[in-house]
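K.L.:
First the structure, then my questions, so here it is.
The values are calculated or read from the model by the stated rules, or taken from the named source; none is laboratory data. This one's a predicted model, so the numbers in the text were calculated from it and none came from an experiment. Ideal geometry is used to build each Cβ from the backbone, glycine not excepted, and the neighbour counts take in all protein chains shown.
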Amino acid sequence: MKESLIQYLSCPACIPLEGELSPIFFDNEGNDIISGFLECHLCRKRYPIADGVAVLLRETHRAGSESVYEKPAAVSSYLWSHYSDLWGDPDSSNAYGHWAKLIGDSGGIALDAGCSVGRFTFEMGKCSRLSIGVDNSVAFVRKARELAARGRLKFMEPLEGEIEREIEIIIPDELAASCVEFIVADVTSLPFKRGVFNKVASLNIIDKVPLPLMHLKEMDRVANHEAAQFLFSDPFSWSEAHTPKEWWMGGVSEGLFRGYGIDNVKSVLVSRINEGLNPWLIEKEGDVWWKIKTHRNHFELIRSLFIKAVRP
């Protein structure tokens, strides 16, 4: 983890208070903290850093759990989904290129919440002084950091059964690897100070968290109250495997969030549904077709509905 990141961090266990974090017992290489801990000044909770990966989860025992997103098959699928256009795979989609065109070049600091293996973090790095990706999968963050550090990464792509082939991802020069960083964190309890970011993105994550509304509130908390951009996109595949039904923000016929998720998210952002967010202005709406692959004959084609919101 880059040591310069510490100035933007706060303890996720102390929200809404902002417990300052300080490195202790650490080894570093230049500006990178390779191992050690970050300790909160308020609650004295310690967050580990190992092999350069900072784990800033409210419940640190969740890191490296048996989640499906820690499995090699999931890592391979998401690496293909994020980067297959870079090696000219004819089955790839240009979803990340479409999303990237929606973010304005305003410099500043960007957050990619639920970054997975990091493609959109790199895309926002092109128009930001610093772009930070967060995900609660240690495996995803390790791969993203390797790409940032080396500019390339080899992985095994499943073809059929036990048949695989080796693929090498090479990050092109226009993706600014030098100004990106990745940490393990929870998108419903973000380890950042209030108002740090002038660009925030939430792509295909809100229907995968236990508390979707808390995710929106956290994105609002860490976004600047002025001159900010928010790119939100999701297919709204609600499932009780990820989210208790009482917390779904759509897909139900009764209650505050009855109807479709995209309408409810928009209503929360513009304060038609008052959940304490600072109002956003909706600038654009639409959809992006996104693809994920498990092997050469099996794909998922997903329509992700987006909202581009701004604060002038």
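K.L.:
May I ask you to list the residues in segment 253-307 that are surrounded by 16 or more Cβ atoms within 10 Å (Cβ to Cβ) and in a loop (DSSP other than H, G, I, E, B)?
P.N.:
Phe257, Ile273, Leu277, Trp280 - these are the residues of segment 253-307 that are surrounded by 16 or more Cβ atoms within 10 Å (Cβ to Cβ) and in a loop (DSSP other than H, G, I, E, B).
K.L.:
How many of the residues making up segment 142-165 are among the acidic types (Asp, Glu) and under 16 Å from Asp85 (Cα atoms)?
P.N.:
1
K.L.:
Val310 - would you say it is surrounded by fewer than 19 Cβ atoms within 10 Å (Cβ to Cβ), aliphatic (A, V, I, L, M) and under 22 Å from the mean Cα position of the chain (by Cα)?
P.N.:
Against the criterion (surrounded by fewer than 19 Cβ atoms within 10 Å (Cβ to Cβ), aliphatic (A, V, I, L, M) and under 22 Å from the mean Cα position of the chain (by Cα)), Val310 qualifies.
K.L.:
Can you tell me which residues in segment 133-143 are over 16 Å from Ala73 (Cα atoms) and either assigned to a helix (DSSP H, G or I) or touching a Cys at 6+ places or on another chain (Cβ under 8 Å) (or both)? If you could, list the steps in order and put the result at the bottom.
P.N.:
Within segment 133-143, the first condition is being over 16 Å from Ala73 (Cα atoms), and the residues that meet it are 133-136.
The answer is Gly133, Val134, Asp135.
K.L.:
Find the strands (runs of 3 or more DSSP E) located wholly in segment 20-60 whose residues include 1 or more that are more than 23 Å from the chain's Cα centre (by Cα) and without any contact (Cβ under 8 Å) to a residue 60 or more places away in the chain, and list them.
P.N.:
Values: elements: 21-29, 32-40, 46-50, 53-56.
Answer list for segment 20-60: 21-29, 32-40.
K.L.:
Which condition does Ser116 not pass, out of (1) out of contact with any Phe, Trp or Tyr (no Cβ under 7 Å at 6 or more places or on another chain); (2) at positive phi, if it passes all the others?
P.N.:
If we test Ser116 against (1) out of contact with any Phe, Trp or Tyr (no Cβ under 7 Å at 6 or more places or on another chain); (2) at positive phi, just (1) comes out false.
K.L.:
What single numbered condition from (1) surrounded by fewer than 21 Cβ atoms within 10 Å (Cβ to Cβ); (2) of a type outside the set (Gly, Ala, Ser); (3) not assigned by TED's automatic domain parsing to the domain that holds Met219 fails to hold for Leu86?
P.N.:
Failing condition for Leu86: (3).
K.L.:
Checking Pro23 against (1) over 18 Å from Ser189 (Cβ atoms); (2) out of contact with any Gly (no Cβ under 6 Å at 6 or more places or on another chain), which test does it fail?
P.N.:
Every condition holds for Pro23 apart from (2).
K.L.:
If you don't mind, another one. Going by the conditions given, is Gly133 out of contact with any His (no Cβ under 9 Å at 6 or more places or on another chain) and modelled with pLDDT under 95? So that I can check it myself, show each step before the final result.
P.N.:
On the way: out of contact with any His (no Cβ under 9 Å at 6 or more places or on another chain): yes; modelled with pLDDT under 95: no.
It is false that Gly133 is out of contact with any His (no Cβ under 9 Å at 6 or more places or on another chain) and modelled with pLDDT under 95.
K.L.:
Still on this model: Does any residue of segment 199-213 turn out to be at pLDDT 95 or above, buried (at least 22 other Cβ atoms within 10 Å of the Cβ) and in a helix (DSSP H, G or I)?
P.N.:
There is at least one residue in segment 199-213 that is at pLDDT 95 or above, buried (at least 22 other Cβ atoms within 10 Å of the Cβ) and in a helix (DSSP H, G or I).
Results for (1) part of a helix (DSSP H, G or I); (2) surrounded by 16 or more Cβ atoms within 10 Å (Cβ to Cβ); (3) free of Cβ contacts under 8 Å to residues at least 40 places away in the same chain, shown as yes or no for each residue.
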position: Tyr69; (1), (2), (3): yes, yes, no
position: Val75; (1), (2), (3): yes, yes, no
position: Trp80; (1), (2), (3): yes, yes, no
position: Pro90; (1), (2), (3): no, no, yes
position: His98; (1), (2), (3): yes, yes, no
position: Asp112; (1), (2), (3): no, yes, no
position: Met124; (1), (2), (3): yes, yes, no
position: Ser128; (1), (2), (3): no, yes, no
position: Ser131; (1), (2), (3): no, yes, no
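K.L.:
With the condition kept exactly as written, say whether any residue in segment 233-241 is surrounded by 24 or more Cβ atoms within 10 Å (Cβ to Cβ) and closer than 23 Å to Gly107 by Cα.
P.N.:
Yes: segment 233-241 contains one or more residues that are surrounded by 24 or more Cβ atoms within 10 Å (Cβ to Cβ) and closer than 23 Å to Gly107 by Cα.
K.L.:
Sticking with this one: Among the numbered criteria (1) in the same structural domain as Phe197 (by TED's automatic domain parsing); (2) among the acidic types (Asp, Glu); (3) at positive phi, which single criterion is violated by Asp91?
P.N.:
(3)
K.L.:
Continuing with the same structure: Quick check, is Val184 within 13 Å of the chain's Cα centre (by Cα), surrounded by fewer than 24 Cβ atoms within 10 Å (Cβ to Cβ) and of a type outside the set (Ser, Thr, Tyr)?
P.N.:
Criteria not met by Val184.
K.L.:
Among the numbered criteria (1) at pLDDT 95 or above; (2) assigned to a helix (DSSP H, G or I), which one does Ser178 miss?
P.N.:
So the condition that Ser178 fails would be (1).
K.L.:
Same structure, new question: Considering only segment 225-243, how many residues are under 26 Å from Ser10 (Cα atoms) and either at pLDDT below 95 or aromatic (Phe, Trp, Tyr) (or both)?
P.N.:
Of the residues in that region, 5 qualify.
K.L.:
Just wondering, is there one or more residues in segment 285-295 that are over 19 Å from Phe120 (Cα atoms), at pLDDT 95 or above, out of contact with any Lys or Arg (no Cβ under 9 Å at 6 or more places or on another chain) and of a type in the set (D, E, K, R)?
P.N.:
no
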